[in-house]
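Colleague: One structure is given below, represented as structure tokens, and several questions about it will come after.
The values are calculated or read from the model by the stated rules, or taken from the named source; none is laboratory data. Quick caveat, the model's predicted, so the values are computed rather than measured. Note that we place each Cβ from the backbone using ideal geometry, even for glycine, and neighbour counts take in every protein chain shown.
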Amino acid sequence: MNRNLTLFLFLSLLLIVSCNRRAQAIIIEEGTTVKITGLPAEDLDPNVTCEWQLSEKPPTSLAVLQVDGTLAFLTADKPGSYTVLFSVRNANEDLVDEQVFHYLANVTSAPAGDPEPAADPIATIPEPDTAMATPRDQEVVEVDHTTELQPVDENPIVQTQEPDPTPPTADVTSNSDQKYVLQISAWPTEALAQKDLDALSRRDYPAYVERFYYPEKDAVFYRVRLSARYSLTDAHQMRDHLLETSPFQDIWIALP
């Protein structure tokens, strides 16, 4: 009898904790920039590593996180759902703490006037704009994350890094002698790229950081690539293997 009562109390407590940790959606307007605060820096051990991820956004959104330590800025450029993860890991890469922030952007009412022209059905999708906007140039809104609003999906697809502004693509019509490389990530700072390089080294994957200047944005990016060269078939197999066994989830097959 006592054993059953103890089990019942434990399960009840676990259910209460799970409900309290359930993230709620914060309603914002399309075009709003929100300031997101993770755990206070003074509360963190100096040996831990903090990581921000924009794990969910609308399909047509070009939004990227602008990160400054335990602060992040997000501009909701399209209506829809956005999910931001803040993770804290120790020196062994074990997850110490994690915060989940959900936002739901509403459509901004358009002013009265002439209707916009219909979109060209054969127009190409624009390239992602990864130029880092300055948060102080935008109207920043701080939101109360304690407000309980409507819940959203708690199992989003995680995207671990920003896309390369000009990702090289593999030419599937090339001859069998052509070799390819795997691009793991691309970052606006060398320090962020070095973190991925260190993570690959701990997994015994030789890799390097390549500095790339993007003239259209007048910005420098740092690509993290594996040192090995692969045939197209082997590149696809290695990419699939890394997607299943590593934390990197935005891997490109690229020309050297």
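Colleague: Report, by residue number, each residue of region 56-86 that is surrounded by fewer than 17 Cβ atoms within 10 Å (Cβ to Cβ), of a type in the set (Ser, Thr, Tyr) and at pLDDT below 90.
Modeller: Scanning region 56-86 gives no hits.
Colleague: Please identify the pairs in which a residue from region 72-93 that is basic (Lys, Arg) has its Cβ atom under 8 Å from the Cβ atom of a residue that is surrounded by 23 or more Cβ atoms within 10 Å (Cβ to Cβ), counting only partners at least 6 apart or on another chain.
Modeller: The qualifying pairs are Lys78/Lys57; Lys78/Ala105.
Colleague: Please give the number of the condition Lys35 fails out of (1) at pLDDT 60 or above; (2) over 21 Å from Gly69 (Cα atoms); (3) basic (Lys, Arg).
Modeller: (2)
Colleague: Let me ask something else about it. So which residues in region 213-256 are under 22 Å from Gln53 (Cβ atoms), in a strand (DSSP E or B) and aromatic (Phe, Trp, Tyr), if there are any at all?
Modeller: Result: Phe221, Tyr222, Trp252.
Colleague: Quick one: what pairs do we get from region 177-190, first residue in the same structural domain as Ser246 (by TED's automatic domain parsing) and within 11 Å of Arg229 (Cα to Cα), second loosely packed, with under 14 Cβ neighbours inside 10 Å and acidic (Asp, Glu), C-beta under 7 Å, 6+ apart or different chains?
Modeller: none
Colleague: Sticking with this one: Can you go through Asp250, Asp240, Asp234 and tell me which one is of a type in the set (Asp, Glu) and touching a residue at least 12 places away in the same chain (Cβ under 8 Å)? Talk me through it step by step, then tell me what you get.
Modeller: Values: Asp240 fails: touching a residue at least 12 places away in the same chain (Cβ under 8 Å); Asp234 fails: touching a residue at least 12 places away in the same chain (Cβ under 8 Å).
Exactly one residue qualifies, and that residue is Asp250.
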